[in-house]
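*Asks:* What follows is a single structure, and I will ask about it in a moment.
The values are calculated or read from the model by the stated rules, or taken from the named source; none is laboratory data. None of these values were measured; they are calculated from a predicted model. Don't worry about glycine lacking a Cβ; one is built from the backbone with ideal geometry, like all the others, and counts go over all protein chains shown. All accessible areas refer to the heavy atoms of the entire protein, side chains included, with ligands and DNA or RNA removed. Shrake-Rupley method; radii C 1.70, N 1.55, O 1.52, S 1.80 Å.
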Amino acid sequence: MSDSEEIAAAAARLIVDEGMDWGPAKQRAARDLGVPRAALPGNDEVEDAVREHIAIFHADTQPAELRALRELAALWMARLAEFRPHLTGAVWRGTATRLSNIHLQLYCDDSKATEIALIDRGIDFDVAETTAGRGRQVDMLILDTPCPALGERVTLCLTILDFDDLRGALKPDARGQTERGDLAALQTLLNESE
């Protein structure tokens, strides 16, 4: 097994079993294994390792957890429809477990409009920054929301992007998969998994 494959497998365990984000999981895996950072695997390799880890250790629980998170994402996407929400990350790609955050990208003309809408609805949130395309910093609103199907609370991350960023956002990657999908695309995934 190459250093890259070893890091990917270790990172997959951290992502699935501890709920770590991909970047920090790769860094920690490399550090724990004493492997140089130059050997860090790409996200496709980590995603393959995550799918393998789930198939081996979580095949009995992960499909129901993924469905619960996707249903909750659909509920929030309907609530935030005016902001053109798109689901991304592990919940979209099908690698989420109960420890995964739900990531929605909102495409707005006014970045503060989402904050105002949440405040008007009495919804508490924290504000953080994240890196978007071309390395620019954008706001991320972080909510703690109940997931009745899992019987626990989950983290919902709303990344606020410009409306213009939606152009080209649905292009498929090298594997023919998109990085995000709107509510109709998510509903198709939910229908297919019934």
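*Asks:* With charges only on Cβ, +1 for K and R and -1 for D and E, what is the dipole size of the range 129-171 about its Cα centre, in debye, rounded to 20?
*Replies:* For this selection, approximately 220 debye.
*Asks:* From the phi of every residue in the range 24-40, what ³J(HN,Hα) in whole Hz does the Karplus formula 6.51 cos²θ - 1.76 cosθ + 1.60 yield, where θ is phi - 60° and glycine or proline is x?
*Replies:* Taking θ as phi minus 60°, the curve returns x, 5, 5, 4, 5, 4, 4, 5, 4, 8, x, 9, x, 4, 4, 8, 4 Hz for the range 24-40.
*Asks:* So what's the angle, to the nearest 10 degrees on a 0 to 90 scale, between helix 43-57 and the longest Cα principal axis of the chain?
*Replies:* For helix 43-57, the angle is close to 80 degrees.
*Asks:* If you consider only alpha-carbon coordinates, what radius of gyration and Dmax does the range 1-116 have, in Å?
*Replies:* 16.3, 51
*Asks:* Return the carbon/sulfur percentage of the accessible area of the range 35-172, one whole number, probe 1.4 Å, all protein chains in place.
*Replies:* Roughly 53 percent, rounded to a whole number.
*Asks:* While we're on this one: Can you pull the Rg over Rh of the chain, Cα-only, Kirkwood?
*Replies:* 0.97
*Asks:* What are the ³J(HN,Hα) values, in whole Hz, obtained from phi via the Karplus relation 6.51 cos²θ - 1.76 cosθ + 1.60 with θ = phi - 60°, for each residue of the range 69-77 in sequence order, with x given for Gly and Pro?
*Replies:* Listing the rounded values in order: 5, 5, 5, 5, 4, 4, 4, 5, 5 Hz.
*Asks:* For residue 178, what residues show an amide H to amide H distance below 5 Å, using hydrogens built from the backbone and excluding near sequence neighbours?
*Replies:* 173
*Asks:* Scaled to the compact-protein estimate 2.2 N^0.38 Å, what is the alpha-carbon radius of gyration of the range 103-194, rounded to two decimal places?
*Replies:* Expressed relative to 2.2 N^0.38 Å, the Cα Rg reads 1.22.
*Asks:* What percent do you get for the relative contact order of the chain when only Cα pairs under 8 Å and 6+ apart count?
*Replies:* Dividing the mean separation by the residue count of the chain yields 19 percent.
*Asks:* Scaled to the compact-protein estimate 2.2 N^0.38 Å, what is the alpha-carbon radius of gyration of the range 16-76, rounded to two decimal places?
*Replies:* 1.35
*Asks:* Only helical DSSP H runs with n ≥ 4 go in: add -39500 (n - 2.57) per run for the chain, normalise by residue count and round the 222 nm mean residue ellipticity to 500 deg cm²/dmol.
*Replies:* -14000 deg cm²/dmol
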